[in-house]
Amino acid sequence: MPRSLSEGQQRLVFGALVVVLVAFGIYLSLGGWGAGSDDEAESGSEPASASGDESGSENVAPPSPIPTTAAQNMQVMDWFPFSEEEFKAAAATAQEFARAYGTIDYAKSPEDYYAGMQELATDDYAQTLAQSSGASARWQDMAEQEAVAEGRANIEAVRAFGDDSVTFVVKAQSITEGSDGATEDLGEFAVTVSDEGGEWRVYDFQPADAGNLGDVPTESGDAAGD
């Protein structure tokens with residue numbers, strides 16, 4: 001039969017166990033088995049996934065919102081290819097051309113009548129203008145009446161514009177001299193002007209309802225009334 005420990009021996013064994021448990025607790029608190037892992041983490045490279053995320057974030061640009069302008073601060077003229085003064089100069093040419101179209105003196109030659117428009121037109125259009133059935137027919141009609149008429153014109157709207165051209169809608173009329181002072185409304189015309197070296201010239205003129213959206217005409221293009 002095994003011999004039981006005496007009371008003194010039991011106290012000695014219990015004391016030894018306490019010492020071992022305390023020592024083991026101190027070992028764990030100082031790093032214990034995890035110390036090797038910490039050393040490896042300090043000396044080794046970072047995990048591939050962390051490295052990948054970090055490099056990916058470096059290549060992604062931060063958001064860059066475009067600036068916006070409040071409606072009351074919008075500069076409308078900045079949206080057009082021309083300044084306000086250029087628009088006015090172009091409109092003046094279109095308006096003067098339509099005025100010249102309505103101005104006729106039967107006592108003068110038809111060439112004088114065409115000249116008032118030709119000096120405002122591009123070279124190509126000036127050549128075809130004299131052959132225009134619309135302009136020549138108007139001259140014939142007024143000459144038969146032995147009429148002297150003063151033309152008037154007014155810009156009604158902008159129909160189209162490009163990098164170097166503008167098409168205006170122009171209302172024109174003729175006021176015949178004489179006792180009755182008859183007024184003839186000639187209607188609305190689409191007048192396209194182009195910028196030629198800083199000078200505006202007409203290169204198309206026709207009734208507004210006939211089209212004319214600002215396309216450059218061919219050399220054989222006709223004037224108003226064709």
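Data for the structure
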| quantity | calculated |
| --- | --- |
| So residue 107, is it assigned to a helix (DSSP H, G or I) and among the aliphatic types (A, V, I, L, M) | no |
| Scope segment 78-104; condition assigned to a loop (DSSP other than H, G, I, E, B) and touching a residue at least 60 places away in the same chain (Cβ under 8 Å); matching residues | 80, 81, 82, 102, 103 |
| Residue 225 being modelled with pLDDT under 95, buried (at least 18 other Cβ atoms within 10 Å of the Cβ) and not acidic (Asp, Glu) | yes |
| Members of segment 144-191 found to be surrounded by fewer than 17 Cβ atoms within 10 Å (Cβ to Cβ), assigned to a strand (DSSP E or B) and among the hydroxyl-bearing types (Ser, Thr, Tyr), listed by number | 176, 183 |
| Odd one out for residue 157 among (1) closer than 20 Å to residue 100 by Cβ; (2) in contact with a Phe, Trp or Tyr (Cβ under 9 Å, 6 or more places away or on another chain); (3) of a type in the set (A, V, I, L, M) | (1) |
| Residue under evaluation residue 93, criteria (1) in contact with a helix residue (DSSP H, G or I) (Cβ under 7 Å, 6 or more places away or on another chain); (2) farther than 19 Å from residue 136 by Cα, criterion not met | (1) |
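The values are calculated or read from the model by the stated rules, or taken from the named source; none is laboratory data. Because the structure is predicted, anything quoted here is derived from the model rather than measured. When we count neighbours, we look across all protein chains shown, and the Cβ atoms used for this are built from the backbone with ideal geometry, even at glycine.
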